[in-house]
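Input: a single structure, listed below in structure tokens.
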Amino acid sequence: MKNYSDEAHEVTIENIRGKEDSVSLDTTGFQFYRQPSAHVDFKFNDKQAIETVYYKECIDLVKELTGASSAVVFDHTIRRRKVGQEDTPDTRQVVTRVHVDQTPAASRRRVETLFSPEEAARLMQGRYQIINLWRPIEVPAYDWPLALCDFRSVDYQNDLVPTTLKFPHRDGETFSVNYNPNHRWKYVKGMTPEEFVLIKCYDSQEDGNTALVTPHTAFEDPTTPDDAPMRQSIEVRLLVFYE
């Protein structure tokens, strides 16, 4: 149940396949890479294997690609789209609403939840981020691919609306996003399981020159082939620290 309404808008989404180097984590808020998972036969059906094997791979990748001193995974979501399937905790479907996963307040709470008060205070004295590592699994993501909004086109003060998520034992907070015709949207058509994208959901480095967040959503691509397999993807969410 929600106490707000969604609006649908037609927008232009640029396919930057072949121009992936035109975006970067600190300028646009997201960055594409091609590097297969080391676990090529991984079917992402075993939660324990994901948490013990794939988490470490994601941590190592993020540290290598960002230069961070440390990173910790706090959760992941697997989405396997099925027509008519309800979105539940056990059968997660694609999200078709523009959003940012975390607000600054929610990001601080993540650190405070995972670390002791003393360690959290120490870590938050330096730069820290929340980054999602998003990867298609099993099949290329032609069906309902992921669109990402260039942070440079976002009005940070007016486009983002803190939105409370009510859970049984806690509250979460994300950003909903107001429509803005100035938004510039990008995607890479047909991302394969050998490719992934880093998506910035929070950055404490508010210097006026650094991308802070990435509004994103799944979208219905009118050029998707009729016989394209339904999207399957995994997103791993990490707290990333620079000391």
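The values are calculated or read from the model by the stated rules, or taken from the named source; none is laboratory data. Values in this document were obtained by computation on a predicted structure and should not be read as measured data. Here the Cβ is made from the backbone with ideal geometry for all residues, glycine too, and neighbour counts use every protein chain on show.
Things to note:
- Pro140 meets the stated requirement of being modelled with pLDDT of 95 or more, surrounded by fewer than 19 Cβ atoms within 10 Å (Cβ to Cβ) and within 30 Å of Asp227 (Cα to Cα).
- Region 56-73 residues that are more than 15 Å from Leu123 (Cβ to Cβ) and without any contact (Cβ under 8 Å) to a residue 60 or more places away in the chain, paired with ones that are surrounded by 19 or more Cβ atoms within 10 Å (Cβ to Cβ) and among the hydroxyl-bearing types (Ser, Thr, Tyr) (beta carbon under 7 Å, 6 or more apart): Glu57/Ser37
- Selection within region 104-127: residues that are in contact with a strand residue (DSSP E or B) (Cβ under 9 Å, 6 or more places away or on another chain) and exposed (fewer than 13 other Cβ atoms within 10 Å of the Cβ). The member of this set that is nearest to Leu238 (Cα to Cα) is Thr113.
- When residues of region 29-69 are limited to those that are surrounded by 12 or more Cβ atoms within 10 Å (Cβ to Cβ) and of a type in the set (D, E, K, R), the one farthest from Ser204 (Cα to Cα): Asp46
- Filter pass, Val240 being surrounded by 21 or more Cβ atoms within 10 Å (Cβ to Cβ) and either part of a strand (DSSP E or B) or not aromatic (Phe, Trp, Tyr) (or both): yes
- Residues located in region 108-153, provided they are over 14 Å from the mean Cα position of the chain (by Cα) and small (Gly, Ala, Ser): Ser116, Ala120, Ala121, Gly126, Ala141, Ser153
- Only listed residue being more than 15 Å from the chain's Cα centre (by Cα) and in a strand (DSSP E or B), chosen from Val197, Val161: Val161
- Filtered residues of region 20-56 (kept if part of a helix (DSSP H, G or I) and either over 23 Å from Glu243 (Cβ atoms) or among the aromatic types (Phe, Trp, Tyr) (or both)): Glu20, Asp21, Ser22, Lys47, Gln48, Ala49, Ile50, Glu51, Thr52, Val53, Tyr54, Tyr55
- Looking at Val83, Val100, Val111, just one residue is modelled with pLDDT under 95 and β-branched (Val, Ile, Thr), and that residue is Val83.
- Which listed residue, of Lys43, Lys56, Lys2, is modelled with pLDDT under 85, basic (Lys, Arg) and more than 21 Å from Asp159 (Cα to Cα): Lys43
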